[in-house]
1. Residue under question is Asp283, and the condition is that it be among the acidic types (Asp, Glu) and in contact with a strand residue (DSSP E or B) (Cβ under 8 Å, 6 or more places away or on another chain); does it hold?
2. Looking for something basic (Lys, Arg), at pLDDT 95 or above, open to solvent by less than 60 Å² (accessible area, probe 1.4 Å) and in a helix (DSSP H, G or I) - is there at least one such residue anywhere in region 256-273?
3. What number of residues in region 35-45 are open to solvent by 10 Å² or more (accessible area, probe 1.4 Å) and either assigned to a loop (DSSP other than H, G, I, E, B) or without any contact (Cβ under 8 Å) to a residue 40 or more places away in the chain (or both)?
4. Do we have Leu225 as within 30 Å of Glu71 (Cβ to Cβ) and among the aliphatic types (A, V, I, L, M) here?
5. So, in region 46-88, of the ones that are in a strand (DSSP E or B) and not aliphatic (A, V, I, L, M), which residue ends up modelled with the lowest pLDDT?
6. Checking Arg398 against (1) open to solvent by less than 60 Å² (accessible area, probe 1.4 Å); (2) touching a strand residue (DSSP E or B) at 6+ places or on another chain (Cβ under 6 Å), only one condition comes out false. Which one?
7. Just to be sure before I move on: is Glu442 open to solvent by 30 Å² or more (accessible area, probe 1.4 Å), farther than 26 Å from Gly200 by Cβ and modelled with pLDDT of 95 or more in the structure I sent?
Amino acid sequence: MPVSPTSPASGRTASPLEPSAANYSLLTDLYQLTMSACYCGENIADRPASFELFARRFPEGYGYAIAMGLEQALQYLTALRFSSEQVAALKQTGLFDRAPAEFWTRLAEFEFGGTVYALPEGTAFFPNEPIARIDAPLWQAQLVETYLLNAINYQTLIATRAARMRDAAGDRAKLLEFGTRRASSPQAALWAARAALAAGFDATSNVLAALELDRQPSGTMAHALVLAFNAIEQNEQSAFSAFYQYFPGAPLLVDTFDTIAAVRELARLQAAGKTEVGGIRIDSGDLATLSRQVREILPDAPIFISGDLDEWEIARTIAAGGVADGYGIGTRLVAGSAFGGVYKLVELGGIPVAKRSPGKTMYPGCKQVFRGAAGDRLGLMSEAADEGERGLLACVMRGGERLAPVEDISAIAARTAASVAALPRAARELDCDRPARPAISEELQALADSLPQ
């Protein structure tokens, strides 16, 4: 199997560009490899290093974020290897002609041997608080940056959006993840489904994600089915009747032509004993008004609404008197602004370091997030928790070995719900002007002040 795509003129078959454990090694940015080679050449590759993954700021309006993606990060660290073919492919690029021989030996023998501290998935956190820390030989800790940022940043973004949508919709509404078609890639679609479920959604339409996570996939129908039967039978109701022969009780999509006319006809058929409407889905129009009208016509049918929804649209629909029992959410959950988590060296060989670039300053040293009734405090890992506080970062991998089994999605979802419920009301506002930031311990501030400016 080729390790990289090639042109048809080369005579070789191009790679399908599908990520897998077999090609984790090359699923990285070039500079992770070039820096690692440099560390080897300068004999500093094995110096103990600590990198922290955190966000300086959140997307606009976000008062908190939900940590997610740790499971995929640990799977990556456990499986990461370089095959002889991959090493050969790197050599063939010509970019590493001056790399030391030791670099190639290290790649061929690579197994991650570091220690990982992380927030449990589903934990709410704030700017500058570490989501994870990697303690490992410098070259290993550097090498894994790209994938860790990809896995954690994306799922944290989705989980945070999902938690905000759950907060806006309330505990009783059903939330369905419909984003596969709008996700940035097939891999992203699977991660988005997982993160949404872990942050409080009830189901996903992604069949692979649902079955892999031991969940029942959920969905309705598309307008195409209604259009197809209407073209053949000149009757929208024929689509509903045909669908119910095979999937009785499924929600029916009623807005292809005239939403209210379709619902009235369904009500007439139900009153005549010819059908039993299991649910109604509305995908366009004035969702608040239409949902109220549908409720009047079919008072016992669950109503699901969809169509470019996000937490703000859900809140607006409810405020306008909408009576939906559930929401199908896709595009605005899985696409849009990125989560800006960064991965920065904070300590090397016991020496604290910190970036001082304007607008990108950071705190040095290995840190812990202490959470208490008064809020969060960011301190050094060596500090003790004050009375009533608890440290949030837990050791989840030591010496390259996982310390805990895969956590159930339901357990993560419960943690997410509890984390959000415990937040200050201001942090849960949909348009939070300024996210809360942790207090800085005296020891951490003194360390930061002691470093050269």
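1. It is true that Asp283 is among the acidic types (Asp, Glu) and in contact with a strand residue (DSSP E or B) (Cβ under 8 Å, 6 or more places away or on another chain).
2. Scanning region 256-273, I find no residue that is basic (Lys, Arg), at pLDDT 95 or above, open to solvent by less than 60 Å² (accessible area, probe 1.4 Å) and in a helix (DSSP H, G or I), so the answer is no.
3. 4
4. Against the criterion (within 30 Å of Glu71 (Cβ to Cβ) and among the aliphatic types (A, V, I, L, M)), Leu225 does not qualify.
5. Gly61
6. (1)
7. Numbers: open to solvent by 30 Å² or more (accessible area, probe 1.4 Å): yes; farther than 26 Å from Gly200 by Cβ: yes; modelled with pLDDT of 95 or more: yes.
So Glu442 fits the description; yes.
Each row is one residue, and each column tells you yes or no for (1) part of a loop (DSSP other than H, G, I, E, B); (2) touching a residue at least 12 places away in the same chain (Cβ under 8 Å); (3) under 17 Å from Phe51 (Cβ atoms).
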residue: Tyr343; (1), (2), (3): no, yes, yes
residue: Val346; (1), (2), (3): no, yes, yes
residue: Lys360; (1), (2), (3): yes, yes, yes
residue: Pro364; (1), (2), (3): yes, yes, yes
residue: Arg371; (1), (2), (3): no, yes, no
residue: Leu378; (1), (2), (3): no, yes, yes
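The values are calculated or read from the model by the stated rules, or taken from the named source; none is laboratory data. Given the structure is predicted, the values throughout are model-derived calculations rather than measurements. All Cβ positions, glycine included, derive from the backbone under ideal geometry; neighbour counts span all protein chains shown. The area values use the complete protein model at the heavy-atom level, side chains included, leaving out ligands, DNA and RNA. Shrake-Rupley method; radii C 1.70, N 1.55, O 1.52, S 1.80 Å.
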